[in-house]
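See below for the structure under consideration.
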Amino acid sequence: MVEIVRTNDLVLIGFLQSLLENAKIPVLIADMHMSALEGMIGAFPRRILVPEDHRAQARRLIAEAGLEAELRHE
């Protein structure tokens, strides 16, 4: 799994998860439990992970959705 986005924005996470899952790309949202433990103050952003073999497709979909600035640098 590779990290493609790191954010505290719950709306963005939900949108990206839906976008990727609708394209049949497996998605793992990492650090969800850590964020809940720290009281949702934003100290620990959540990470969106996809399998390595889906990285290019996931990055392209996110860029096409106008959210290229949210992508982690490779």
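Every number here is computed from the coordinates shown, using simple stated rules; none is lab data. What you see is a predicted model, and the numbers here were worked out from it, not measured in a lab. So basically every Cβ, Gly included, is an ideal-geometry build from the backbone, and we count neighbours across all protein chains shown.
For the chain, the longest principal axis of the Cα atoms and the long axis of helix 55-64 meet at an angle of about 90 degrees.
Could you give the longest part of the chain that holds none of the trypsin sites (Lys or Arg not before Pro) found in DSSP loops with at most 16 neighbouring Cβ atoms within 10 Å? Intermediate values should be presented prior to the final figure.
On the way: sites that count: Lys24, Arg72.
Looking at the chain, 25-71 is the longest stretch - no exposed trypsin sites (Lys or Arg not before Pro) with at most 16 other Cβ atoms within 10 Å.
Straightening the chain between Leu10 and Glu52 buys 12.8 nm, computed as 0.36 nm per residue apart minus the Cα-Cα spacing.
Which FRET efficiency value, to the nearest 0.05, do you get for Ala43 and Val2 by plugging their Cβ-Cβ distance into 1/(1 + (r/R0)^6) with R0 = 30 Å? Here the calculated transfer efficiency is 0.80. Reported value for the stretch 2-70: 76 Å³ per residue, from the convex hull of its C-alpha atoms.
The angle between the Cα long axis of helix 10-22 and the main principal axis of the chain comes to about 30°, on a 0 to 90 degree scale. This model, with +1 at the C-beta of Lys and Arg and -1 at the C-beta of Asp and Glu, gives the chain a dipole about its Cα centre of some 60 debye.
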